[in-house]
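Have a look at the structure below, then the notes.
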Amino acid sequence: MFDNDSTTPRDASKTRSHSMILWILCLGLAVALAGNVYQYVRSNGISRDLALNQQDTQSEIAKLTNAASAEASLSQQRFDALKDQLQAATTATLQQTRSELKRSSTQLSANLEQKRQELEQKHQEIASQLADLKQDTSTKLDDASVKLSDTNTKLQDTDTKLDQVSTDVAQHGADLKRMVGDMGVMSGDIATNGKELAALKELGDRNYFEFHLAKTKAPQKVGDIQVLLKKTDPKHNRFTVTVLADDKTVEKRDRSINEPVQLYVGNSRQPYEIVVNQVNNNEIIGYLATPKVKTTRGQQAAL
């Protein structure tokens, strides 16, 4: 009897547990069914919405297609109208251009005929002037022939005089010599005394200015330059001078007698040459030789 009483509560507990599990299973099944129903309803709603959206989209597409067709038709009509207007304007312009070209051609022909007549008149005038010029030139040539004959006579006389001068130079200037100056340029003929200088003057190749310079504080004018004697050494025949030309001052230091002391003045292609023939105590005696024709070095290069 006690055993039956002890097992009854245990069986009752098991029964409650089974009931609880059944209830939980039923509740889960109900929840699952409810979810399926919700998903089904939602799917149906989405399908309806999609169908409605598709209908609306097709309706809009149809409206846009109709509008585009209408706009295309209207554009085609405008294009056709513009094309007709352009063709009409082009035709009118071509007709006007042809008329203007025809008028210009007529005017050009008239101008050309006028120019031809003017050129023909000019040609006749030039031909007349050439005939006058030819006659005048013939007269002048005759005069020139006479003058040329006189010039030849004068040249023959000049040649005779030059021959005489050459003979005199050969007789009196046999000792003339040439040497390289202090600037490395070959000098002209050098005179070492008064007799040779006279022979050079007779040749007339250059201008010659004799000088007798004493040692002073101020420079002295020789030709177109100024020379200042700075120092003399009679024992060794050497001297030092300062030359002023073209607003420039050049010192020629410790030069010897009969040595061409050269310097360029201006743009002359030939140098000036100072030749001292005698060195005394505080004085020098010599001459300055300058070009007769002062051709510039730039002009010589151009020639």
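List the pairs from LYS102/LYS122; LYS201/LYS248; LYS201/LYS221; LYS134/LYS292 whose alpha-carbon separation is above 32 Å, in the order I gave them. Mind dumping the intermediate values first?
Details: LYS102/LYS122 30 Å; LYS201/LYS248 29 Å; LYS201/LYS221 20 Å; LYS134/LYS292 40 Å.
LYS134/LYS292, as the Cα separations exceed 32 Å there.
Between GLN95 and ALA198, what length comes free when the chain is fully extended (0.36 nm per residue of separation minus the Cα-Cα distance, one decimal in nm)?
27.4 nm
Between ALA12 and ASN267, what is the label-to-label distance in nm when each label sits 7 Å out along the Cα-to-Cβ direction?
Each label point lies 7 Å from its Cα, and together they span 14.7 nm.
What is the range 51-167 by shape, rounded, prolate or oblate, if you read a ≥ b ≥ c off the alpha carbon gyration tensor as root eigenvalues and call it rounded for a/c under 1.5, prolate for a/b larger than b/c, and oblate otherwise?
Judged from the Cα gyration tensor, the range 51-167 comes out oblate (a/c at least 1.5, b/c at or above a/b).
Starting from the Cα of HIS236, step 7 Å along the direction of its Cβ; do the same at THR106; then give the gap between the two resulting points in nm.
Those two pseudo-labels are separated by 10.4 nm.
What percent of all Cα-Cα pairs in the range 191-252 falls into each 5 Å bin, going from 0 up to the bin containing the maximum distance?
4, 15, 21, 20, 20, 15, 5, 0
Each reported figure results from applying straightforward, stated rules to the coordinates on display, with no laboratory input. Model, not experiment: these values are computed from the prediction. Heads up, the Cβs are rebuilt from the backbone with ideal geometry, glycines too, and the neighbour counts pull from every protein chain shown.
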